[in-house]
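One structure below.
The values are calculated or read from the model by the stated rules, or taken from the named source; none is laboratory data. None of the values given here were measured: they were computed from a predicted structure. Positions of Cβ are generated from backbone atoms using ideal geometry, with glycine treated the same way; all protein chains shown enter the neighbour counts.
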Amino acid sequence: MIDELAIGDFVFRQRKVEQGEALPRAYDAVIAGLSWETRGPTALSRLKTVGPELTLFKFASRSQEIEDAKASQLKTFLTLQPNLTIKDLEASTEAEKNFRALKAWLQDLYAKAGRPLSILLDITCVPKTYVLYLIGLGFSDELVARLDCLYTPGRYDLVSGGAATPPALTGPRSLLSEGEWHSRQIPYLEASEYIANDADLLVTLGGELGLSVPFIERFEPRRLGLICIEETSPSGNVPMLPSERMAYDELLREPNAVQEDIKLCDAVGVARHATSFIENSAARGATMMAIGSKPHAIGIALAALSDPRVEVVCRTPASYRAIDVHPSAEPMFYEIEDRFDPASYIASRQRVS
């Protein structure tokens with residue numbers, strides 16, 4: 001089943017990826033992240049063909065163990081598409097340097113094609129910061145007419161934390177990140193004017209609630225909206241560490257805090273909720289914070305592109321934990337199409353006829 005939403009200048013669709021399905025169209029670039037996570041190649045492996053070529057984003061590794069895991073995964077990607085290119089980048093925490101490199105790379109692709117691009121991006125092992133940046137850059141600078149995304153959900157141990165559990169179970173639990181979190185405003189997903197002290201805050205939450213509380217409290221919002229992952233929502237009958245339960249209760253004690261539970265992969269649902277959130281706001285703007293799942297981040301990116309009052313903020317930790325993540329469900333396919341791009345209009349007319 002396809003779920004579809006018209007939002008701003010875009011048509012946004014989501015559905016599951018079928019085993020052995022062909023690419024729905026020709027792409028100027030097919031991109032994935034090279035990682036240590038087992039789930040990395042899962043979505044592309046379900047396709048009949050990957051396309052004529054494949055580009056892998058490879059962030060600099062901080063240990064030989066991680067480098068070896070990436071080398072092992074590269075062998076799997078080569079079985080899917082021998083004609084691949086590795087795009088070497090700095091460590092994923094070096095966002096500004098990587099932003100410049102990715103912008104120059106995308107501009108080169110645009111110049112070569114001579115028109116806005118059609119891109120397929122597997123976001124599974126690409127950090128949220130870069131997923132958001134590519135969406136913002138591509139559509140804001142009109143380098144991209146269509147950006148389709150693949151995503152493979154992962155299995156995390158949200159109760160014990162596995163190897164990620166810190167020695168003191170009573171303190172904030174760091175599941176995927178290490179060190180202090182720093183906020184990062186995503187370029188191209190910025191509000192049209194500075195709205196400090198007159199903004200609402202909408203946050204997509206994940207599995208590190210204890211670390212999220214002080215990060216959220218820095219913003220002192222007028223109204224706080226929380227989007228929790230429905231499958232693991234604290235509001236349900238879900239086992240939680242005491243520290244995480246305390247953090248959740250503290251968030252709900254915030255003045256004017258409201259919560260919405262949305263399924264892990266329901267990016268369209270998040271986009272709908274984010275649009276409603278800003279439409280019902282008495283503030284001059286809204287900050288939308290991507291801490292939760294990557295599909296949820298896509299949803300708020302579309303809300304930001306569609307409303308000049310919205311800015312998107314992401315968190316950047318000191319580093320990421322090298323925790324292996326296995327696939328937990330069928331991969332998802334997301335379509336983000338600029339419905340006013342001439343090529344998109346022609347394609348839609350062809351589908352109707």
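The table below lists the values:
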{"quantity": "Residue count, segment 103-116 (criterion: in contact with a Phe, Trp or Tyr (Cβ under 9 Å, 6 or more places away or on another chain) and surrounded by fewer than 20 Cβ atoms within 10 Å (Cβ to Cβ))", "calculated": "1"}
{"quantity": "Residue that is at pLDDT 95 or above and over 23 Å from the mean Cα position of the chain (by Cα), where the choices are 80, 132", "calculated": "80"}
{"quantity": "Among (1) at pLDDT 95 or above; (2) within 19 Å of the chain's Cα centre (by Cα); (3) surrounded by fewer than 20 Cβ atoms within 10 Å (Cβ to Cβ) - the single one residue 94 does not satisfy", "calculated": "(1)"}
{"quantity": "Test: residue 245 is assigned to a strand (DSSP E or B) and surrounded by fewer than 22 Cβ atoms within 10 Å (Cβ to Cβ)", "calculated": "no"}
{"quantity": "Residue that is surrounded by the fewest Cβ atoms within 10 Å (Cβ to Cβ) [pool: residues in segment 287-296 that are touching a Leu at 6+ places or on another chain (Cβ under 6 Å) and not β-branched (Val, Ile, Thr)]", "calculated": "292"}
{"quantity": "Of the criteria (1) farther than 17 Å from residue 128 by Cα; (2) hydroxyl-bearing (Ser, Thr, Tyr); (3) modelled with pLDDT under 95; (4) surrounded by fewer than 18 Cβ atoms within 10 Å (Cβ to Cβ), which one residue 276 fails", "calculated": "(3)"}
{"quantity": "One residue from 290, 329 being in contact with a Cys (Cβ under 9 Å, 6 or more places away or on another chain) and within 18 Å of residue 137 (Cβ to Cβ)", "calculated": "290"}
{"quantity": "Residues of segment 193-220 that turn out to be closer than 12 Å to residue 284 by Cα, touching a strand residue (DSSP E or B) at 6+ places or on another chain (Cβ under 8 Å) and not aliphatic (A, V, I, L, M), as a count", "calculated": "3"}
{"quantity": "Criterion (among the aliphatic types (A, V, I, L, M) and farther than 22 Å from residue 294 by Cβ) met by exactly one of 60, 43, 29, 71", "calculated": "71"}
{"quantity": "Search result, residues across segment 255-279 that are more than 14 Å from residue 301 (Cα to Cα), in contact with a Lys or Arg (Cβ under 9 Å, 6 or more places away or on another chain) and of a type outside the set (A, V, I, L, M, F, W, C)", "calculated": "255, 256"}
{"quantity": "Cβ pairs under 8 Å, 6+ apart, first in segment 219-248 and in contact (Cβ under 8 Å) with a residue 60 or more places away in the chain, second basic (Lys, Arg) and not in a helix (DSSP H, G or I)", "calculated": "229/263; 241/173; 243/173; 244/173"}
{"quantity": "Selection status of residue 234, touching a Phe, Trp or Tyr at 6+ places or on another chain (Cβ under 7 Å), over 24 Å from residue 131 (Cα atoms) and not assigned by TED's automatic domain parsing to the domain that holds residue 337", "calculated": "yes"}
{"quantity": "Count of residues meeting criterion [β-branched (Val, Ile, Thr) and either in a helix (DSSP H, G or I) or buried (at least 16 other Cβ atoms within 10 Å of the Cβ) (or both)] in segment 42-90", "calculated": "6"}
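Table: residues versus (1) among the aromatic types (Phe, Trp, Tyr); (2) more than 21 Å from residue 47 (Cβ to Cβ); (3) in a strand (DSSP E or B); (4) touching a residue at least 12 places away in the same chain (Cβ under 8 Å).
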site	(1), (2), (3), (4)
110	yes, yes, no, yes
115	no, yes, no, yes
119	no, no, yes, yes
125	no, no, no, yes
129	no, yes, no, yes
134	no, no, no, yes
142	no, yes, no, yes
145	no, yes, yes, yes
150	no, no, yes, yes
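Residue by residue, here is whether (1) modelled with pLDDT under 95; (2) more than 18 Å from the chain's Cα centre (by Cα) holds:
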| residue | (1), (2) |
| --- | --- |
| 287 | yes, no |
| 300 | no, no |
| 327 | yes, no |
| 337 | no, no |
| 348 | yes, yes |
